[in-house]
DNA sequence: AAACATTTTGTAATCGTTTACAATAAAAAT
DNA sequence: ATTTTTATTGTAAACGATTACAAAATGTTT
């Protein structure tokens, strides 16, 4: 690999001049600039990013730390971040915490060690320690998907209360009263969606059957279990609402296996558009999160913060979209 | 951020000694080692990876370049790579080429510029130029999913011919004769699967209806179109076989919309386990690729090559798994 | 006690850039 | 023609680690 020294030698100038040419700095004769460019070309020279990063103490990378790379929500967000970053000549360092705070700590440290320009992160439930420290060291950072209490930091979220409210209200409007619901355990998102759920009941002067509300980890198997349990109740629910994509698959699988008819025996409504919801019969009524927009907004926020580290933190709240299909038809 | 100099000062030693302690090198008095460790602790010191990387000309990162981060095949592979890398204290730089050779070039260059220890890549159809160059510069590399002709390089693939052969044979055994099939265009994988398809017919002394074989880009919309077209034929097929997950969704959506009954009106069989195949009625018979194993094998291969750059290239071929479900029952 | 071997530590060069600062060359003003 | 100003280039010091090599300290042998 040729270095800047080699280029300088061939062009018959100093490394400083080469650097100036490459950075498009002023004060270099057009003639010399030509020579340098020719040398760069002939050697197929590319600046060593590691050396540059060491010298200027920053880089053109941004970090993206997600909780689960297999969750379509995150891949869609990632896609958006990738696209925007690419447009701005940034590269993306994508990491998967697996909902593991220890991994989150490690990756957050790693990001700093790598001199990233900033990071976009979907924090795990438990606020990690490296987290607040990274914030202190003013690493530009924006949070997605989950609000972090207490800290003043750029974030982009969806209006979970409103989304759950609308989904619940839709079930109520379709005549469902005994609504079984499952929400993510220990997650701010989950509890907000629970709030929205309750709000819908309240505003319709109804009482939710609190024994039908289950809090579980956002995993397919737990969704499956929860649905099985709801179905086995003495007085089973007349509809099931799930608060995220993974729970949703699990719950649907349980209903499917139990051969209860949707929507005749039981209504079904869920969060997240995950590809299969329109392939089944009937298609599922869902709340669709604007995943791509979330990624876009997060990247824009991050770019702005990098440019201006002192601006006040901003919180962008996007509305989710209720997509009515056939799974909760009139009861 | 404290540097090794700060640690050295506090411990009252030279930076060389600090480095030796941290690298667990011999020749340092236990007493001194203690002092250094205490200093490290008190300052909360972490070595600067950029500086280290510049000095030793390598790093603990590996690159993973995939064609489409939204394709469950790749996320599952990524997951495996992540897991193994984590166990070996490597971090993973994940990039998405979007099937775009230009992006592939850029990322491949970037990998070298970042001093990665090696890269795992699912190459785009067109062999990119930076590619062969990277190989020349002996960047440790392993290829997944797609064979690259001409070059002698570690790779892990599945036996596509065999897989397609078995899937086709299964359809034939179930009495299907006019099998409509769609294969990925311009892709080695696609053409291998086509070969397997033909082989099954040949070995059963049957003649495939070549007018029912369609080559399209591996995208959902093209799968949808292709299926629609097959259905509208004067003599429509009695079964449809799709050669990858995205085509599969599209084709299924077309069948679903057209209200043809599976398997009574038409059989359906497909590649890739993508989550929805067991949620629909009937569940879909598929070839399941050992995605996690692919990622594992690739990472192991890469680690070995990093350790021993001169060993001869190895090609690992994994068998795919035929999962028989209800979508092609006896015709 | 001197000579030698071995262990422990420090000095300084190095990796490939960027960038203050100094030095030189060219242009403008006197 | 000399001085002053401005534009162009080079020199060398960072950035923060690792690592030959030299030096010092300790231990061993004669």
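Among the residues of the range B:173-217, those that are in contact with a strand residue (DSSP E or B) (Cβ under 8 Å, 6 or more places away or on another chain) and in a helix (DSSP H, G or I) comprise B:190, B:191, B:193, B:194, B:197, B:212. Within the range B:10-37, the only residue that satisfies the criterion of being part of a helix (DSSP H, G or I), more than 11 Å from DNA strand C (Cβ to nearest atom) and closer than 30 Å to residue B:299 by Cα is B:22.
Can you name the residue in the range A:263-277 that is in a strand (DSSP E or B) and touching a helix residue (DSSP H, G or I) at 6+ places or on another chain (Cβ under 6 Å) and is also nearest to residue A:239 (Cα to Cα) among such residues? Across the range A:263-277, the extreme among qualifying residues is A:267.
All conditions but one from (1) within 15 Å of DNA strand D (Cβ to nearest atom); (2) within 30 Å of residue B:143 (Cβ to Cβ); (3) surrounded by 19 or more Cβ atoms within 10 Å (Cβ to Cβ) apply to residue B:18; the one that does not is (2). Among the criteria (1) in contact with a helix residue (DSSP H, G or I) (Cβ under 8 Å, 6 or more places away or on another chain); (2) more than 25 Å from residue A:163 (Cβ to Cβ); (3) not in a loop (DSSP other than H, G, I, E, B), the one residue A:260 does not fulfil is (3).
Considering only residues that are surrounded by 21 or more Cβ atoms within 10 Å (Cβ to Cβ) and within 19 Å of residue B:116 (Cα to Cα), look in the range A:53-84 and name the one that is farthest from DNA strand D (Cβ to nearest atom). For the range A:53-84, the residue satisfying everything is A:64. Of the strands (runs of 3 or more DSSP E) lying entirely inside the range A:56-157, not one contains at least 1 residues that are without any contact (Cβ under 8 Å) to a residue 12 or more places away in the chain.
Of the set (1) within 25 Å of residue B:94 (Cα to Cα); (2) surrounded by fewer than 16 Cβ atoms within 10 Å (Cβ to Cβ); (3) within 12 Å of another protein chain (Cβ to nearest Cβ), all apply to residue B:291 but (2).
Among the candidates B:46, B:33, B:79, B:29, the residue that is within 12 Å of chain A (Cβ to nearest Cβ) and under 30 Å from residue B:17 (Cα atoms) is uniquely B:46. Inspection of the range A:38-49 identifies no residue that is part of a loop (DSSP other than H, G, I, E, B), more than 9 Å from DNA strand C (Cβ to nearest atom), within 32 Å of the chain's Cα centre (by Cα) and buried (at least 19 other Cβ atoms within 10 Å of the Cβ). For the range B:256-276, residues that are at pLDDT 95 or above and within 13 Å of chain A (Cβ to nearest Cβ) total 2.
The values are calculated or read from the model by the stated rules, or taken from the named source; none is laboratory data. Just so it is clear, the structure is predicted and the values come from calculations on it, not from any experiment. Note: ideal-geometry Cβ built from the backbone for every residue, glycine included; neighbour counts use all protein chains shown.
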